[in-house]
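The values are calculated or read from the model by the stated rules, or taken from the named source; none is laboratory data. Keep in mind the model is a prediction, meaning the values are calculated, not measured. Cβ sites come from the backbone with ideal geometry, for glycine too, and all protein chains shown count toward neighbours. For accessibility, only protein heavy atoms count, side chains too; no ligands or nucleic acids. Shrake-Rupley method; radii C 1.70, N 1.55, O 1.52, S 1.80 Å.
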Amino acid sequence: MVDLESEVPPLPPRYRFRDLLLGDQGWQNDDRVQVEFYMNENTFKERLKLFFIKNQRSSLRIRLFNFSLKLLSCLLYIIRVLLESPSQGNEWSHIFWVNRSLPLWGLQVLVALISLFETILLGYLSYKGNIWEQILRIPFILEIINAVPFVISIFWPALRNLFVPVFLNCWLAKHALENMINDLHRAIQRTQSAMFNQVLILISTLLCLIFTCICGIQHLERIGKKLNLFDSLYFCIVTFSTVGFGDVTPETWSSKLFVVAMICVALVVLPIQFEQLAYLWMERQKSGGNYSRHRAQTEKHVVLCVSSLKIDLLMDFLNEFYAHPRLQDYYVVILCPTEMDVQVRRVLQIPMWSQRVIYLQGSALKDQDLLRAKMDDAEACFILSSRCEVDRTSSDHQTILRAWAVKDFAPNCPLYVQILKPENKFHIKFADHVVCEEEFKYAMLALNCICPATSTLITLLVHTSRGQEGQQSPEQWQKTYGRCSGNEVYHITLEESAFFAEYEGKSFTYASFHAHKKFGVCLIGVRREGNKNILLNPGPRYIMNATDVCFYINITKEENSAFKNQDQQKKSSFSRSFYHGPSRLPVHSIIASMGTVAIDLQDTSCRSASGPTLTLPTEGIKEIRRPSIAPVLEVADASSLQTCDLLSDQSEDETTPDEKMSSNLEYAKGYPPYSPYIGSSPTFCHLLHEKVPFCCLRLDKSCQHNYYEDAKAYGFKNKLIIVAAETAGNGLYNFIVPLRAYYRPKKELNPIVLLLDNPPDIHFLDAICWFPMVYYMVGSIDNLDDLLRCGVTFAANMVVVDKESTMSAEEDYMADAKTIVNVQTLFRLFSSLSIITELTHPANMRFMQFRAKDCYSLALSKLEKKERERGSNLAFMFRLPFAAGRVFSISMLDTLLYQSFVKDYMISITRLLLGLDTIPGSGFLCSIKITEEDLWIRTYARLYQKLCSSSGDVPIGIYRTESQKLATSESQISISVEEWEDTKDCKDQGHHRGNHRNSTSSDQSDHPLLRRKSMQWARRLSRKGPRHSDEMNDHQSTLSYILINPSPDTRLELNDVVYLIRPDPLSYLPNSEPSQNSSICNATGQDSREETQL
């Protein structure tokens, strides 16, 4: 048998387990050499240097010992003076010789030896090649003067009573104290200590001067008046304070010379110290100092991070933040990299703010500044973007870095971030609350076109107010408008609520109607326990649970409401006499309902999504029977629910079969295939079956697919919506989506024209080419030809977006100058056009539709000033353009981010109202208009009942327009262009179409008719002059305002627009296959549709 072990070679030591444990001692061929690094640090000198100088803590101990040693030497000198008996005679020997006891001499010698040894050792360790640099240092010279005589007296006993100026050790003690404080700050990592160091140096310098003067005068006067230490102290204080009583004066020439020298030293040293102290104090005032750790642990504070702090931004934040009662004890720490503005400094000196606001100059990207602000102990951090910069993308990048820095430094601190552009939003998804400015802005402007004054509605909802504005006004509309503006959104758990607890197990619409009828509160949404999604008006199928969180609109939250028992008893007795039966309906309604059983009061037909009708069916019974309103059922049954497919339009049912077929082939419903940025919420929309070629999106240029070159040539059935913007940013996508949402009837879709200063990029066109009737053209609102070509005479609304290039100006409030003047021109030329304008500064809205001699506008200006003096946060609310929803500033929505600190649900509710987010089962915002046929409903409470019982809609407010008789004002120049468009003959039309077919450029010379029309318009304008007037004349005008959650007994008026939260139509879909009227454009849309069905 072959011995296998003898044939297998042994493993090298590094691969054997025994050698891994015992080491590779047997490996003889390893030529490795062990190298030790930094050998110079192992020398004796380096070890001493490490102990005495380099090491922070040991160096601190050495300097503390040295400081104590110098103080001990000064104390021994004072003891020697006090124990010495007064000398007799005026001999000069008393200056050079003193009486020193043996024990005292021994202590002084010991202190001198230790001090001299330490000085020589430190000089040796800090030697860097120049011996004279070490010898000629003032501390070294003082040490030699004070220590060497005592060392010599050891070997020469005759010198034991030699006078040694030991009191000069106070300057060495001062030097040791400075070094000790520096080492202390270095050891404990304390920052911003320059102010403390300078104050300490100043105080120690004063003490050393006084102590040196005291001891010097006392010793030199041994041959004069024989002054003691107290008399010397008195003389020095009187002299340095420049009082100079003259009762104690030096007699000898030596003491007089010493006093002169000390005064000269004080005149040179002290001003330098005071100058440095004043400079550091001013710098500290600019930087703001620190927010102490003790305060951060015992008090609550939030941090506001901004790149530049303006007075408007500061006041909006402080007024909104401190409007909530439970935040009164909070402190606000402002962290800003720029120096405090003069206006900001003046405001922060007001006692109301100086005690609660702390300004720190620093950067959020520095951990030292975040430590100064005690970010890790903060309750929240608000990071705001600078919207006034020309490069808004750069501003967003700075905001993103600040958010990252804060999250890295304080991971548990809640973040509230404001971002400008939607494409940058996904970088800060980790933040607790994010408000994207362009998303909210464009969605709000879009809803303004279909639900008037939506911007004003949202602005009033997100502002904190008690509804006291306008109560001193003599006009009724201002009182009602101001009182209703105090309504806000609140939340409460159903089982803990006195408003909603009795509606447990009832339908949502039943709870909403009866809570409004009984308490005047408007229930708008709920949230299930354990579910983070909020559902706005989930509809009559939703059954209320005890653990549901209810969201309602009211003047104040339920916890601050008082319920009077007497009023409840009166109401209950009144209800027992006036109501009858378990449904607690009015008797006349019950009788009417019993008599009209054959009439279908529950409107279960498919209704229009934005323009429903409130009238009853037009039958013969209606002429002989008074209309009535059906009761709101506690639990919805099948007969009371709309069973038809609400994804199909009612308008489709009214068309002929051929029109229906063509309509179905034209549009489909689905999710947009392309989104211009990451993070956009998918929304079910009206889409085209095939995307439009990019050339066909250009309104003012013909292509191979069509020959149209202006809006009139297209022959749109509905009026246009024109958006004038500088660039086609990604936020503009959020303007189109709400106007093409699936619940908007096809028949009511308005064409959208984007009037852009700069051509859009290919990515934006790729996103909008799937939407029907969306066009763009390159032009400007200050060019009349561009306005006419884009169809301004056929437009229902024109939205003027604030331009980024004009947001910054040398004078802040001049940023809106160009926009205001352009809009004023449009207002004078197209008076019937509804113009919605975005401004940078809310204060400039008083210039919108400006009339210099309008007495009513002047009265509103005075009212605004009075409301501002009363401390109102909404002083601008009575301006007619804002009340009517014709002007909007994105800075008004800053309060949404601030309010989310107390109401963490406000951003979600606002996004749902604006259509930025869509949640299955959640409703959407729309409006209806009260016509003459609807006035039989009479009151807002009956309207509430009608809507809840028929379609499940929940009204939240009224947009009311009134005719107002005004005093004589400045004449308005207004020229109507529609008549010019209508006076063209057929020959001109044919010639114009021929030009369309043959022209390919948009130059004005290629449009002679348009150029001729502009010239005629200008001549007519100059010829008419101020004598011309239209329906917006000088003697009569209209004013519009919003009533949020009005009282139940509010009377309805003609042309009132009622804001509704309509249930999601998808929630009514049966589980069966969708109807044939609903089609999806692609596979992605089909999958999304199936997932969305409930």
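A few comments on the model shown:
- Simple spin-label estimate for residue 528 and residue 1038 gives 4.5 nm between the two label positions (7 Å along the Cα-to-Cβ direction from each Cα).
- Tensor-based shape of the range 349-388 (alpha-carbon gyration tensor, a/c under 1.5 rounded, otherwise prolate or oblate): oblate
- Full-stretch length increase - residue 127, residue 155 - with 0.36 nm per residue and alpha-carbon distance subtracted: 7.1 nm
- By accessible area with a 1.4 Å probe, ligands and nucleic acids excluded, highest first: order of 63, 402: 63, 402
- In this structure residue 275 has an accessible area near 130 Å², from a 1.4 Å probe over the protein heavy atoms.
- Accessible-area value, residue 339, 1.4 Å probe, nucleic acids and ligands omitted, Å²: 100
- Accessible heavy-atom area order of 156, 770, highest first, probe of 1.4 Å: 156, 770
- Relative contact order (%) - the range 44-284, alpha-carbon pairs under 8 angstrom, separation at least six: 23
- Taking θ as phi - 60° and the Karplus parameters 6.51, -1.76 and 1.60, the scalar couplings of the range 43-55 work out to 6, 5, 5, 5, 5, 5, 5, 5, 6, 8, 10, 6, 5 Hz in sequence order, x denoting glycine and proline.
- Taking amide H as placed 1.01 Å from N in the peptide plane, the amide H of residue 359 sits under 5 Å from that of 334, each at least 5 places away or on another chain.
- Accessible surface of the range 282-370 [probe 1.4 Å, protein heavy atoms]: carbon and sulfur percent: 49
- The simple spin-label model puts a point 7 Å past each Cα toward its Cβ; for residue 199 and residue 366 those points are separated by 2.1 nm.
- The range 46-133 - percent of accessible surface contributed by carbon and sulfur, probe 1.4 Å: 69
- Between residue 523 and 516, 553, the built amide H atoms are under 5 Å apart, and every one of these is 5 or more places off in sequence or on another chain.
- Subtracting the Cα-Cα distance of residue 326 and residue 294 from their residue separation scaled by 0.36 nm leaves 9.3 nm.
- Flagged links, alpha-carbon separation over 27 Å, of 49/174; 747/803; 300/479; 310/374; 865/903; 669/903: 747/803; 300/479; 865/903; 669/903
- Taking 0.36 nm per residue of separation and subtracting the Cα-Cα distance, full extension of the segment from residue 61 to residue 674 would add 213.8 nm.
- Heavy atoms of residue 918: accessible area, 1.4 Å probe, square angstrom to 10: 70
- Å² per residue, accessible surface of the range 288-431 at 1.4 Å: 42
- Cα-based shape type of the range 44-284, given that a ≥ b ≥ c are square roots of the gyration tensor eigenvalues and the cut on a/c is 1.5: oblate
- Label-point gap, in nm, between residue 268 and residue 861 - each point 7 angstrom along Cα→Cβ: 6.5
- Mean separation of Cα contacts under 8 Å (6+ apart) over length of the range 288-431, as relative contact order %: 27
- The calculated FRET efficiency for the pair residue 97 and residue 43, based on their C-beta separation and a Förster distance of 60 Å, comes to about 0.80.
- Rounded percent of accessible protein surface that carbon and sulfur make up, the range 397-448, 1.4 Å probe: 54
- Summing Lys and Arg as +1 and Asp and Glu as -1 over all other residues whose Cβ lies under 12 Å from the Cβ of residue 358 gives a net charge of +3.
- If you sort 506, 310, 903 by accessible surface, 1.4 Å probe, largest first, the order is 310, 506, 903.
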